[in-house]
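Please read the structure below before turning to the comments.
The values are calculated or read from the model by the stated rules, or taken from the named source; none is laboratory data. Given the structure is predicted, the values throughout are model-derived calculations rather than measurements. Positions of Cβ are backbone-derived with ideal geometry, glycine not excepted, and every protein chain shown enters the neighbour counts.
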Amino acid sequence: MSIGNALANRSFCVGLIVTSLIALVALVSFVWTPYPVGALDIAGKLKPPSAAHWLGTDHFGRDILSMIMVGSRNSIAVASVSVAIGAGIGVPLGLWGAATGGFVDEVLMRLNDLVFAFPALLSAVMITAVFGPGAINAIIAIGIFNVPVFARVARAAALSLWSREFVIAAGAIGKSPARITRDHILPNLASLLIVQATIQFSLGILAEAGLSYVGLGSQPPMPSWGRMLFEAQTMIGLAPHIALFPGLAIVITVLGFNLLGDGLRDVLDPKFQ
Amino acid sequence: MLTYATKRALIAILTLLAASLVVFAMLEIVPGDPARLMLGMNATEDAVHNLQEQMGLNQPLAIRYFSWLGGLLTGDLGKSYTYSVPVFDLIKERVAVSLPLAVISLALSTLIALPVGIFAASKRGKFSGTLAMGVAQVGVAIPNFWFALLLVYLFAVTLRLVPAGGFPGWGAGFGVSLKSLILPSIALALPQAAILARVTRSALLEVLGEDYIRTARAKGLSRRQVLYRHALRNALIPVLTILGLQFAFLLAGTIIIENVFYLPGLGRLVFQAITQRDLIVVEGVVMLLIATLILVNLLVDLSYAIVDPRLRGRS
Amino acid sequence: MKSWKLAIAGVAISLVMSSASFAAKTNLVLGIVLEPPHLDPTAGAAAAIDEIVYANIFEGLTRIGPKGNVLPALAESWTQSDDGKVYTFKLHKDVKFHDGTAFDADDVKFSLDRARGDKSTNAQKGLFSAIDTVNVVDPLTVKVALKQPSGDFLYNMGWGDAVIVAPESAGTNKDKPVGTGPFKFDSWAKGSQIVIAKNADYWGKPALLDKATFRVIPDPAAATAALLAGDVQAFPVFPSYETIPQFQVDPRFKVVIGTTEGETVLGMNNKKPPFDNPKVRQAITHAIDRKSLIDGAMFGFGTPIGSFFPPHHPAYVDLTAETAYDPELAKKLMAEAGHPDGFKTTLKLPPPTYARRGGEIIAAELREIGIDAEIIPVEWAQWLDQVFKNKDYAMTIVSHTEPNDLNIFSRDDYYFNYDSTAFKELIKQIDVTSDGAERTELYQQAQKLLAKDVPAAFLFQLPKTGVWDAKIEGLWENGPIQANDLTSVKWLD
């Protein structure tokens, strides 16, 4: 992969720009938002976009732009930690299964199927029924369902690598499966895993929004895009703008990461194009 | 082939059994007592105790699990704590909403996705093809519940063409019932269609790159003929796989959409049952959904094995 | 392009026509927010049960009227012994249950004994605790002896939990309710609607409607749309406060803002530090701006209260000024209590909108005086378990919707953990006082004591927000109990 190649790829460029902008907004929100994010102004509620409030105000008179800015932190945090959980557990399991084969592999894959068989949202509902709603539990719920995805991807790709000549050769000179995995399998999987992580990241943003929408994500006063949409639902006839902007924020973010993922895949592995 | 099928079926049953244990254990630790919930804030302790007894909540955990499991095997899902009717009947009523919703959405998403995918594959590299895929890319990024909200705002609140939510029941007439499923199925179908269109396109492009397609082209068949006669048929396998998975997903994934539109489907039943601590209903519905998913996975695996015998060796 | 627009307009018009024309004048579709778990009012606390069956399907010896007064129902009259301990009820004759079985004194004895018996699963078993014995004198006469005189006995017999059921059908009322009322149960499509139909053999004044459908619409946005489209013609308790102004200006609809018995409070755990310090509780009360709370959480609907008493009650005294919004005073009180920099605590919120929205506003207002309250949303099941039963909470918001419930602050082991000998003494006196003026005086003393001790911060009285078709007459304006009495509802021509 070369920088030139990457920059010639349209998806990659657009995705990179969009995601960088979102990251920038999230960072800026730590030091500056147009209004303090928790400030209520009941008298100034449901105001349409104006010079004072670029995206209008919500049902408590809070500035929607400020809430979307701070909300981006929540989305990014939940999505990235849940990807880290999924990759951190799933990839070693997948590699282990591929390296050992046989019974271990079979058991690991069946466990994977078990997790996979649970309707994800339902399980999230049950998890939060036990532990109560909140960002941490949303992360756990989403993270658990990232595990089988990473395990499958890692295992499938590792299996195909194990039949390649350079891996067989490494085995012939007496390297242990663990060392082969570390020295030869993992480096060759890196690009694939990065692509998968990008995809899971954008799915994580969507999942977090969905969980927050049904009231299971992070709780007030921390703004969350999904919860903003839920609160907007009953007021959509009065003030459509409060349902519009949080949704757009989700779409743009997910789109950005999907484009980045697609672009990365094309750049890193031209065969998939 | 037969031994492979038996083995896969056995594994599926074991998975289901393990799932039942996980579901039961998980729900056992959910805080909250259905009897106390039913009787509210003024209830005396002995009234709560009597109701617990009536619901069979005082028996030991293991006995409840095995009697529930035994019931499952004979098709008896138990009796709802709150509605006090058989869980099976409740599920039957709700499936009558969720299943048509899933089928309509799947049909809708296929009807949109296949032409778009084929179009994008045939116009690869051209502006129109790129545009079609760009639209699909946006479609994938739209949360279906937000899309649902926008549909409600436009068609129900502003234009008042269709109801904003609720379901009159099939008894109220086929037409009105179908009408109340229109927006939910569109909201469910569109993001799925976007995914399916992308799969269709890439499957087609992959097949178009194969040697026999080049041979067919060399024999003088037009690009169009090759596309429809040879490529499409072969590209259908991955597309059908995705469709199968999407169906299972749709059946379980209607939960949020049913909540947006207040449809009395399986998703709302299970949500309501969890808040009412009607755990026996939750267990029944979750097991049904898991069984469906496992069954679809099994069928997909088996059909793969039929198509490609090499896959039988490795699971 | 133009023809396309015309086509859409055409479809729209035809759809509007089909749903609006030929509305049958003896049918009514009502919207309800919550679906009842079952339909037996003697075995569940859910208001949603009474909202369908009370006075329509089931009747008691007495009943509560639209103004909260006690009226005769299955008992046409009664007499009270001189010591006030024995009531003799004279029952209506020729009354039949919906399944054809006859109603008589044995059914009354069966129902009352069942509700107070050892095996009872009645949610309001306490209503029957004053009863000593129930005796059948003859098929139309019942004698109820009390352990001690009770001023509330006739009122208590009017609750939905005290309706008369038949031994033949008592076991199946949850699914197929069989009562004596002017409407019979017709059908229940779970998750969507419940239909009741006129009882042609009713013993009293027959219902004016032939059929009533209760449609379950929990979503406020869908409720608004359903009313506008005419799918639902009445919403006795309309859930979407934000869209009420739009109905108020629409001549097709009638908007009736009535009263309920729901006192909404910010409950505090009086035994848990720092809430055991009255100064902290007073500081919290002064930190809350009831006006912005009602505007923000209720879109302006709701009456501020300064104590635990409904404003429409004759003995009500307005104490909101004593606990008015005053952040400076609140900060001063916090400093006096030893918390000049505030403290961290939690606020557990049950599902209703008033609690979830109100909680966000109150948490923001408490931050102004240094109290950092973490919001913990809970479901009802968890709320009952953690907050109500185990008192594992610091603050919570809930509306106490039962009528006549001032005495909850005198109960031992109630979730407020408020323990005041003075207040208990007042409640005891109220129980044995029958003189009106004296009772009023005691009620007012009790209200003032609560406003001073603030075992909870008193927020507002829930409104009954009714929205219905302007041509409907006879629906209740206020909600003295949670019921939709349809016995005199009719369409005007």
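Go through the residues of the stretch A:55-62 one by one and say whether even a single one is under 30 Å from B:Leu10 (Cβ atoms) and hydroxyl-bearing (Ser, Thr, Tyr).
No; the residues of the stretch A:55-62 include none that is under 30 Å from B:Leu10 (Cβ atoms) and hydroxyl-bearing (Ser, Thr, Tyr).
Out of the stretch B:128-186, which residues are surrounded by fewer than 16 Cβ atoms within 10 Å (Cβ to Cβ), polar (S, T, N, Q) and either within 12 Å of chain C (Cβ to nearest Cβ) or more than 25 Å from A:Leu206 (Cα to Cα) (or both)?
B:Ser128, B:Thr158
Of all residues being within 14 Å of chain B (Cβ to nearest Cβ) and free of Cβ contacts under 8 Å to residues at least 24 places away in the same chain in the stretch A:77-104, which is nearest to A:Ala158 (Cα to Cα)? Just the residue, please.
A:Gly101
I'd like to know if the stretch C:415-434 contains one or more residues that are in contact (Cβ under 8 Å) with a residue 24 or more places away in the chain, facing another protein chain (nearest Cβ under 10 Å), out of contact with any strand residue (DSSP E or B) (no Cβ under 7 Å at 6 or more places or on another chain) and part of a helix (DSSP H, G or I).
Within the stretch C:415-434 (the criterion being in contact (Cβ under 8 Å) with a residue 24 or more places away in the chain, facing another protein chain (nearest Cβ under 10 Å), out of contact with any strand residue (DSSP E or B) (no Cβ under 7 Å at 6 or more places or on another chain) and part of a helix (DSSP H, G or I)), the answer is no, since none of the residues qualifies.
Any idea how many residues of the stretch B:5-20 are surrounded by fewer than 17 Cβ atoms within 10 Å (Cβ to Cβ) and touching a residue at least 40 places away in the same chain (Cβ under 8 Å)?
Residues of the stretch B:5-20 that are surrounded by fewer than 17 Cβ atoms within 10 Å (Cβ to Cβ), as a first pass: B:5-7, B:9-10, B:13-14, B:17-18.
Narrowing the set further to residues that are touching a residue at least 40 places away in the same chain (Cβ under 8 Å) leaves B:5, B:9.
So the count comes out to 2.
Could you name every one of the helices (runs of 4 or more DSSP H) located completely within the stretch B:1-73 that has at least 3 residues being aliphatic (A, V, I, L, M) and away from chain C (no Cβ under 14 Å)?
Passing ranges, in order: B:2-28, B:61-73.
Within the stretch A:191-209, identify whether any single residue is surrounded by fewer than 18 Cβ atoms within 10 Å (Cβ to Cβ), more than 14 Å from chain C (Cβ to nearest Cβ), free of Cβ contacts under 8 Å to residues at least 24 places away in the same chain and not aliphatic (A, V, I, L, M), and answer yes or no.
no
Go through (1) among the small types (Gly, Ala, Ser); (2) surrounded by 14 or more Cβ atoms within 10 Å (Cβ to Cβ); (3) free of Cβ contacts under 8 Å to residues at least 60 places away in the same chain for A:Ala52 and report which single condition fails.
All conditions pass for A:Ala52, except number (2).
Identify, from the list C:Ala221, C:Ala200, C:Ala212, the residue that is assigned to a helix (DSSP H, G or I) and among the aliphatic types (A, V, I, L, M).
Step by step, each of C:Ala221, C:Ala200, C:Ala212 is checked, and only C:Ala221 is assigned to a helix (DSSP H, G or I) and among the aliphatic types (A, V, I, L, M).
What helices (runs of 4 or more DSSP H) lie completely within the stretch B:218-295 and have 2 or more residues being within 15 Å of the chain's Cα centre (by Cα) and farther than 16 Å from C:Pro218 by Cα?
B:232-261
Name, by its number, the condition in (1) surrounded by 18 or more Cβ atoms within 10 Å (Cβ to Cβ); (2) in contact with a helix residue (DSSP H, G or I) (Cβ under 7 Å, 6 or more places away or on another chain) that does not hold for B:Val97.
Failing condition for B:Val97: (2).
Find all pairs meeting these conditions: Cβ atoms under 6 angstrom apart; at least six residues apart or on different chains; first residue within the stretch A:232-261 and at the interface with chain B (Cβ under 7 Å from one of its Cβ atoms); second residue not in a helix (DSSP H, G or I).
A:Ala243/A:Ile236; A:Ile250/B:Pro143; A:Val251/B:Ile142
Residue by residue through the stretch B:170-188, note down the ones that are under 19 Å from the mean Cα position of the chain (by Cα) and either of a type in the set (Val, Ile, Thr) or over 18 Å from C:Ala226 (Cα atoms) (or both).
Scanning the stretch B:170-188 gives B:Ile182, B:Ser185, B:Ile186, B:Ala187, B:Leu188.
Specify which of the listed residues (B:Leu289, B:Leu279, B:Leu204, B:Leu250) is modelled with pLDDT of 75 or more and within 14 Å of chain C (Cβ to nearest Cβ).
Values: B:Leu289 fails: within 14 Å of chain C (Cβ to nearest Cβ); B:Leu204 fails: within 14 Å of chain C (Cβ to nearest Cβ); B:Leu250 fails: within 14 Å of chain C (Cβ to nearest Cβ).
After ruling out the rest, the residue left standing is B:Leu279.
How about the stretch C:258-294: which of its residues are out of contact with any helix residue (DSSP H, G or I) (no Cβ under 8 Å at 6 or more places or on another chain) and part of a strand (DSSP E or B)?
C:Gly258, C:Thr259, C:Thr260, C:Glu261, C:Gly262, C:Glu263, C:Val265
Give me the residue from the stretch C:107-134 that is among the charged types (D, E, K, R) and within 23 Å of C:Phe185 (Cβ to Cβ) and, out of that set, farthest from the chain's Cα centre (by Cα).
Going through the qualifying residues, I end up with C:Asp107.
Based on what the data block shows, is A:Ala23 of a type in the set (A, V, I, L, M) and modelled with pLDDT under 90?
Criteria not met by A:Ala23.
Counting only residues that are modelled with pLDDT under 95 and surrounded by 14 or more Cβ atoms within 10 Å (Cβ to Cβ), which one in the stretch C:177-189 is nearest to C:Gly100 (Cα to Cα)?
The selected residue is C:Trp188.
Looking only at the stretch A:42-65, which residues are part of a helix (DSSP H, G or I) and away from chain C (no Cβ under 14 Å)?
Within the stretch A:42-65, the subset part of a helix (DSSP H, G or I) is A:42-44, A:64-65.
Hits for the stretch A:42-65 are A:Ile64, A:Leu65.
Every residue in the stretch C:173-225 that is within 14 Å of another protein chain (Cβ to nearest Cβ) and of a type in the set (Val, Ile, Thr), please.
Answer for the stretch C:173-225, where residues must be within 14 Å of another protein chain (Cβ to nearest Cβ) and of a type in the set (Val, Ile, Thr): C:Ile194, C:Val195, C:Thr213, C:Val216, C:Ile217, C:Thr224.
Taking the criterion of being modelled with pLDDT under 85, loosely packed, with under 14 Cβ neighbours inside 10 Å, under 21 Å from B:Val285 (Cα atoms) and not aliphatic (A, V, I, L, M), would at least one residue in the stretch B:68-75 satisfy it?
There is at least one residue in the stretch B:68-75 that is modelled with pLDDT under 85, loosely packed, with under 14 Cβ neighbours inside 10 Å, under 21 Å from B:Val285 (Cα atoms) and not aliphatic (A, V, I, L, M).
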